[in-house]
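In what follows, a single structure is set out as C-alpha cells and then discussed.
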Amino acid sequence: MRIDKYLWCTRYFKTRSIATDACKKGHVKINKKNVKPSKEVFVGEKIQVRKNQINYEFLVLDSPKNRVGAKLVDLYRKDITPKEAFENQELLKFAKDYYRKKGEGRPTKKDRRDIEDYLENHEDE
C-alpha cells in the first residue's frame, strides 16, 4: 500500500491529498528517509510523521483494505511516539503568553500613552 494512502487510512490525515502534500514537503519519513507519496509501506517499517509541531513515530503492523474507524486504528499500527514530544507541545503554549489576552486587538489609548511615557523617560539613557 502507498504511504499516502496508508496515512489516510489510519487517520493521520483528513484527506489523501493532505497526506500526499505532507510527503512532498518532507514531513513523512520511513526508516529515517524522506519518501515520495508513492512509496510502498510494508509490515515492520518505522514511520515518522511531523504534524502540528509534533514528531509522531509508529510501527506498521498491517495494511488496511480501506479507511478504518478510529477505534480500529491500533490494529494496523503501534504508536511509539516519545512522551517528550507531547510535553514540548505543552511548553510551547506557555511560551506564547502575552500581557494582553488573545483577541483584545490593538493597544488602547492608555497603552499608547504608557508606551510614549516610557520612551520619553528612557530617551536620555
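The values are calculated or read from the model by the stated rules, or taken from the named source; none is laboratory data. Since we're looking at a predicted model, the values are computed, not measured. All Cβ positions, glycine included, derive from the backbone under ideal geometry; neighbour counts span all protein chains shown.
If you go through the range 40-63, how many residues are among the aliphatic types (A, V, I, L, M) and either touching a Gly at 6+ places or on another chain (Cβ under 9 Å) or free of Cβ contacts under 8 Å to residues at least 40 places away in the same chain (or both)?
The total comes to 5.
Filter the range 41-57 for residues that are modelled with pLDDT of 90 or more and polar (S, T, N, Q) and give the result.
Scanning the range 41-57 gives Gln48, Asn55.
How many residues are part of a helix (DSSP H, G or I) and within 22 Å of Lys65 (Cα to Cα) when one looks only at the range 23-51?
Looking only at that region, the number is 1.
Examine the range 91-103 for a residue that is out of contact with any Cys (no Cβ under 7 Å at 6 or more places or on another chain), over 17 Å from Val49 (Cβ atoms), modelled with pLDDT of 80 or more and surrounded by 10 or more Cβ atoms within 10 Å (Cβ to Cβ), and state whether such a residue exists.
So far as the range 91-103 goes, no, none of its residues is out of contact with any Cys (no Cβ under 7 Å at 6 or more places or on another chain), over 17 Å from Val49 (Cβ atoms), modelled with pLDDT of 80 or more and surrounded by 10 or more Cβ atoms within 10 Å (Cβ to Cβ).
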